[in-house]
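Student: Before I ask anything, let me first share the structure, which is written out below as structure tokens.
The values are calculated or read from the model by the stated rules, or taken from the named source; none is laboratory data. The model shown is predicted, which means the values in this text are computed figures rather than measured ones. Don't worry about glycine lacking a Cβ; one is built from the backbone with ideal geometry, like all the others, and counts go over all protein chains shown. We work out accessible area using only protein heavy atoms, side chains counted, and drop any ligands, DNA or RNA first. Shrake-Rupley method; radii C 1.70, N 1.55, O 1.52, S 1.80 Å.
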Amino acid sequence: MKYFTSLVLLLFVIPVTGQKVSGNKKAILSSIEKHQDRLVQISDSIWALAETAFEETGSSKILADYAEANGFEVERGVAGMPTAFVATYGSGKPVISVLGEFDALPGISQKAQPTKSPLNEGAAGHGCGHNLFGTASLGAAIAVKELIASGKAKGTVKFFGTPAEEKFFGKIWMVKEGLWDDVDVNLSWHPSADTEADVQSTLALIDFKVEFFGQAAHASADPWNGRSASDALELYTAGINYYREHIKPTVRIHYHIQDGGQVVNVVPDYARLWVRVRDTKRSGMMPVYERVRAMAEGAAIMANVDYKISLISGIYEVLVNRAGGEVMQRNLELLGPITYTDEEMAFGRKIQEETGKPQVGMVSDIPPLKETKENPGGGSTDVGDVSWNVPNINLGVTVAPKDTPWHSWAVVACGGMSIGHKGMIQAAKALGMTMTDLFENPKLVEKIKAEYRERKGDEVYEPMIPEGPPPIGN
Ligand SMILES: [Zn+2]
């Protein structure tokens with residue numbers, strides 16, 4: 001797909017709409033355009049590496065090295081995670097930070113083409129666009145650094161390299177370490193099929209492992225000597241599935257059977273599931289979690305086996321900040337929608353044809369700032385934990401055609417070519433411009449902080465992770 005890449009680089013400068021853009025924001029835009037080719041290379045390298053949770057050694061290094069080469073002081077291996085890092089430039093207040101993710105998803109390797117075709121059969125792929133996520137955020141941080149270095153802004157900019165978002169949620173350990181304690185406002189974005197200043201929350205979730213321990217025996221010769229761990233597993237999942245009728249519509253319960261025995265002629269003495277409970281609020285999730293935990297004991301009693309429950313990790317719902325969202329909204333409107341070539345639109349429509357969606361191509365128009373829903377749908381993110389410790393501004397930018405199935409080959413395809421690159425550059429610009437507003441306007445920072453304090457109320461943040469080091473190598 002080099003054809004698309006080279007064609008697009010000529011047309012890459014995203015037009016800024018007629019409204020007045022300040023001198024500092026113009027400097028941000030030209031800095032990002034100056035770094036654009038390198039940012040695309042970085043993103044493509046991370047896309048090709050496609051490293052999964054806590055294995056992102058190469059991806060983390062590429063980003064950390066580029067930050068260092070651009071004058072940031074980089075602390076690697078923070079919070080007990082070799083692939084987590086913090087890049088800092090400047091001194092004093094305000095301290096404004098931006099998040100970068102870079103992990104891939106297993107099993108969805110895909111070429112940068114609009115029909116399903118793995119690049120490496122069975123390998124991982126960037127089905128959530130995190131190759132774009134980390135790179136755009138670093139591009140924004142570098143542009144802000146250049147503003148500080150030129151004397152046009154005062155304060156500190158930080159880039160957080162945050163590993164393992166797709167599994168284990170690395171940010172929790174970074175939050176627990178107090179890495180955002182000195183930050184005034186944090187920014188984040190996520191690759192999307194839409195462009196918007198994101199003022200919706202996400203779902204809180206909690207992950208835990210349930211293990212059953214029985215007694216093995218010959219399944220035919222002496223089954224009366226066996227106590228079956230898989231019987232307990234089946235009774236347990238039956239209990240969960242009966243329970244579904246009595247939970248609120250905002251709750252989700254998932255499980256993944258990781259070990260249900262090995263062969264048909266042995267009464268299994270071991271079985272294991274990964275269980276996940278979600279709700280739109282942590283406060284609603286916890287009672288469901290307690291109930292689903294308790295069911296393991298019931299199943300163990302029925303099957304006459306032992307059981308063990310181990311917490312893996314849990315994340316908070318995102319604490320929305322509308323004052324911050326309004327600033328992001330104004331900057332998105334200044335940038336205007338992304339423009340696409342006919343070839344890119346054809347690429348997008350082909351993906352929509354292949355995935356059974358209306359063939360409308362990419363949509364990056366900026367809708368008015370939405371109302372914040374009390375009970376949003378959708379997924380979960382460890383950005384939630386950051387957002388309960390520092391005010392957070394969130395952004396979604398189009399990197400794939402409308403209605404693209406997420407965590408799929410189609411997102412991998414777009415993230416490795418110009419549709420993804422354009423979204424990445426747009427995100428870097430919107431983040432950089434919004435950070436500029438925060439550096440220029442202390443009253444705005446105070447307003448954002450006041451809303452954060454009001455929304456948080458007297459809730460005391462407690463990281464939902466077990467004692468000990470992060471689960472690296474699991
Ligand atoms: Zn993601």
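Student: Got at least one residue in region 66-81 being farther than 28 Å from I148 by Cβ, assigned to a helix (DSSP H, G or I) and either open to solvent by less than 20 Å² (accessible area, probe 1.4 Å) or in contact with a Phe, Trp or Tyr (Cβ under 9 Å, 6 or more places away or on another chain) (or both)?
Tutor: Among the residues of region 66-81, at least one is farther than 28 Å from I148 by Cβ, assigned to a helix (DSSP H, G or I) and either open to solvent by less than 20 Å² (accessible area, probe 1.4 Å) or in contact with a Phe, Trp or Tyr (Cβ under 9 Å, 6 or more places away or on another chain) (or both), which makes the answer yes.
Student: It is to be established whether one or more residues within region 149-161 are in contact (Cβ under 8 Å) with a residue 40 or more places away in the chain, buried (at least 23 other Cβ atoms within 10 Å of the Cβ), within 16 Å of the ligand (Cβ to nearest atom) and within 17 Å of A84 (Cα to Cα).
Tutor: Among the residues of region 149-161, at least one is in contact (Cβ under 8 Å) with a residue 40 or more places away in the chain, buried (at least 23 other Cβ atoms within 10 Å of the Cβ), within 16 Å of the ligand (Cβ to nearest atom) and within 17 Å of A84 (Cα to Cα), which makes the answer yes.
Student: Residue check: is V292 at pLDDT 95 or above, on the phi < 0 side of the Ramachandran plot and touching a Lys or Arg at 6+ places or on another chain (Cβ under 9 Å)? So that I can check it myself, show each step before the final result.
Tutor: Numbers: at pLDDT 95 or above: yes; on the phi < 0 side of the Ramachandran plot: yes; touching a Lys or Arg at 6+ places or on another chain (Cβ under 9 Å): no.
So V292 fails the test.
Student: What tally of residues in region 166-180 results from selecting those that are away from the ligand (no atom under 16 Å from the Cβ) and touching a residue at least 24 places away in the same chain (Cβ under 8 Å)?
Tutor: So the answer is 7.
Student: Looking at region 85-100, can you tell me whether even one residue there is surrounded by 17 or more Cβ atoms within 10 Å (Cβ to Cβ), within 16 Å of the ligand (Cβ to nearest atom), closer than 23 Å to I425 by Cα and not hydrophobic (A, V, I, L, M, F, W, C)? Show your work before the answer.
Tutor: Our first condition is that a residue be surrounded by 17 or more Cβ atoms within 10 Å (Cβ to Cβ); within region 85-100, this holds for 85-90, 94-100.
Filter once more, so that each one left must be within 16 Å of the ligand (Cβ to nearest atom): 98-100.
If we keep only those that are closer than 23 Å to I425 by Cα as well, we get 98-100.
Checking the rest, the ones that are also not hydrophobic (A, V, I, L, M, F, W, C) come to 100.
Looking through region 85-100, at least one residue is surrounded by 17 or more Cβ atoms within 10 Å (Cβ to Cβ), within 16 Å of the ligand (Cβ to nearest atom), closer than 23 Å to I425 by Cα and not hydrophobic (A, V, I, L, M, F, W, C).
Student: In region 300-349, which residues are assigned to a loop (DSSP other than H, G, I, E, B) and of a type in the set (D, E, K, R)? Write out each step before concluding.
Tutor: First, pick out the residues of region 300-349 that are assigned to a loop (DSSP other than H, G, I, E, B): 304-305, 316-321, 336-341.
Passing the criteria: only E317.
Student: Under 7 Å by Cβ, and 6 or more places apart or on different chains, what pairs join a residue from region 283-312 that is among the β-branched types (V, I, T) with one that is part of a helix (DSSP H, G or I)?
Tutor: V292/I240; V305/A229; V305/A232; I309/R293; I309/A296
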